[in-house]
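The values are calculated or read from the model by the stated rules, or taken from the named source; none is laboratory data. It should be emphasised that the depicted structure is a prediction, and the values quoted were computed from it without experimental measurement. A quick note on method: Cβ atoms are made from the backbone with ideal geometry, for glycine too, and the neighbour counts reach across all protein chains shown.
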Amino acid sequence: MNANTDTFIGFQDVWLAYNDELLAQRTFAVEAIDLKVRQGEFIAIVGPSGCGKSTFMKLATGLRMPSKGHIVIDGKHVIGPLKVSGMAFQAPSLLPWRTTMENVLLPLEIVEPFRSSFRDKRPEYEERARKLLQKVGLGGYEDKHPWQLSGGMQQRASICRALIHEPKLLLLDEPFGALDAFTREELWCILRDLWTEHRFNVILVTHDLRESVFLADTVYVMSKSPGRFVAKREIDLPRPRDLEITYTKEFSDIVHDLRGYIGASRQAAVVPV
């Protein structure tokens with residue numbers, strides 16, 4: 001697979017079976033995944049539960065190798081866990097014995113090339129963390145422990161932790177799914193602003209169609225297992241997007257179309273867009 005300088009992520013005919021027995025039975029979790037993501041693009045993946053969205057994320061991080069096909073990220077074939085990525089999940093998973101600052105700094109303590117210089121550069125890294133925390137509204141909470149933070153605040157800290165090492169790729173697996181609607185929309189705007197400023201690549205897995213349309217440049221719909229992409233929808237709403245746009249007919253029409261694609265996702269053929 002030839003790396004294109006404008007393509008940051010490339011999947012070429014990627015299939016995954018979780019073990020040799022399933023492979024022999026030709027039982028795949030995802031199949032025939034073809035994907036090209038531009039430098040700096042924000043994509044979202046939606047689909048029914050169990051369709052393979054999280055499996056796709058494992059492939060994109062190098063935590064699972066495909067049974068068939070090739071994956072190229074940042075110009076390199078994926079042969080193991082990526083160092084260019086940061087991740088955040090539905091559960092913030094902050095370490096309860098560490099402060100907010102210490103939780104955010106954790107990747108710099110364990111990932112090279114930061115680990116080797118962590119002790120010498122700790123003041124510089126703490127300043128980087130402090131600026132990130134201020135951007136997400138957690139200025140002044142650096143010394144608080146997770147149990148002293150609300151769920152939304154913990155998720156903000158989790159996003160800071162995912163971004164502290166300035167990754168080229170941010171992977172988000174249902175990051176706002178456990179939050180109330182108001183907090184969720186607030187975090188949409190925070191993520192929007194961080195992406196607008198830094199233009200890292202984002203892969204967002206979500207069940208929330210409104211979330212996908214508000215945040216993404218492109219939304220992909222996965223079919224019921226075995227997962228494959230059955231629709232691709234470019235979101236041509238102007239940026240920057242304010243929450244008011246979610247109440248417009250144009251926005252609602254896109255959400256409605258995506259819901260229709262998911263309803264038709266039992267079909268094997270690609271849904272035209």
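Go through the stretch 179-204 and give me each residue that's within 16 Å of the chain's Cα centre (by Cα), not in a strand (DSSP E or B) and not aromatic (Phe, Trp, Tyr). Answer for the stretch 179-204, where residues must be within 16 Å of the chain's Cα centre (by Cα), not in a strand (DSSP E or B) and not aromatic (Phe, Trp, Tyr): ARG184, LEU187, CYS189, ILE190, LEU191, ARG192, ASP193, LEU194, THR196, HIS198, ARG199. Within the stretch 40-55, being at pLDDT 95 or above, outside any strand (DSSP E or B) and either buried (at least 20 other Cβ atoms within 10 Å of the Cβ) or out of contact with any helix residue (DSSP H, G or I) (no Cβ under 9 Å at 6 or more places or on another chain) (or both) holds for one residue alone: GLU41.
Counting residues in the stretch 228-248 that are out of contact with any Asp or Glu (no Cβ under 8 Å at 6 or more places or on another chain), under 15 Å from ILE45 (Cβ atoms), β-branched (Val, Ile, Thr) and modelled with pLDDT of 90 or more gives one or more.
Please go through the stretch 131-151 and pick out each residue that is modelled with pLDDT of 95 or more, crowded, with 16+ Cβ neighbours inside 10 Å and not in a loop (DSSP other than H, G, I, E, B). Answer for the stretch 131-151, where residues must be modelled with pLDDT of 95 or more, crowded, with 16+ Cβ neighbours inside 10 Å and not in a loop (DSSP other than H, G, I, E, B): LEU132, LEU133, PRO146. Within the stretch 18-29, the presence of at least one residue that is over 13 Å from the mean Cα position of the chain (by Cα) and buried (at least 21 other Cβ atoms within 10 Å of the Cβ) is confirmed. Criterion applied to LYS121, LYS83, LYS135 was being basic (Lys, Arg), in contact (Cβ under 8 Å) with a residue 12 or more places away in the chain and farther than 30 Å from ASP180 by Cβ, and the one residue passing it is LYS83.
Where residues in the stretch 56-80 are part of a loop (DSSP other than H, G, I, E, B) and among the charged types (D, E, K, R), which of them is farthest from GLN39 (Cα to Cα)? Lay out the reasoning, then the answer.
Of the stretch 56-80, the ones part of a loop (DSSP other than H, G, I, E, B) are 62-67, 74-75, 78-80.
Still in the list and also among the charged types (D, E, K, R): 64, 74.
Details: ARG64: 23, ASP74: 9 Å.
Taking the candidates together, the pick is ARG64.
Pairs under 7 Å by beta carbon, first residue at negative phi and part of a helix (DSSP H, G or I) in the stretch 208-230, partner surrounded by fewer than 24 Cβ atoms within 10 Å (Cβ to Cβ) and among the hydroxyl-bearing types (Ser, Thr, Tyr), six or more apart or different chains? Between residues of the stretch 208-230 that are at negative phi and part of a helix (DSSP H, G or I) and residues that are surrounded by fewer than 24 Cβ atoms within 10 Å (Cβ to Cβ) and among the hydroxyl-bearing types (Ser, Thr, Tyr), the close pairs are ARG210/THR246; SER212/THR206; PHE214/THR246.
Can you go through VAL84, VAL78 and tell me which one is in contact with a Gly (Cβ under 6 Å, 6 or more places away or on another chain), closer than 24 Å to GLU174 by Cβ, of a type outside the set (D, E, K, R) and at pLDDT below 95? Write out each step before concluding.
Details: VAL84 fails: in contact with a Gly (Cβ under 6 Å, 6 or more places away or on another chain).
Residue meeting the stated conditions: VAL78.
The set of residues in the stretch 231-266 being touching a Ser or Thr at 6+ places or on another chain (Cβ under 9 Å), part of a loop (DSSP other than H, G, I, E, B) and more than 28 Å from GLU31 (Cβ to Cβ) consists of LEU237, ARG239, PRO240. For the stretch 91-118, the set of residues classified as among the hydroxyl-bearing types (Ser, Thr, Tyr), closer than 22 Å to LEU171 by Cβ and surrounded by 15 or more Cβ atoms within 10 Å (Cβ to Cβ) consists of THR100 only.
Criterion applied to GLU124, GLU112 was being farther than 28 Å from THR206 by Cβ and modelled with pLDDT of 95 or more, and the one residue passing it is GLU124. Just one of the numbered conditions (1) among the charged types (D, E, K, R); (2) outside any loop (DSSP other than H, G, I, E, B); (3) within 17 Å of the chain's Cα centre (by Cα) is not true of LYS83: (2). The selection criterion, being of a type in the set (A, V, I, L, M, F, W, C) and either crowded, with 22+ Cβ neighbours inside 10 Å or within 30 Å of LEU209 (Cβ to Cβ) (or both), holds for MET87.
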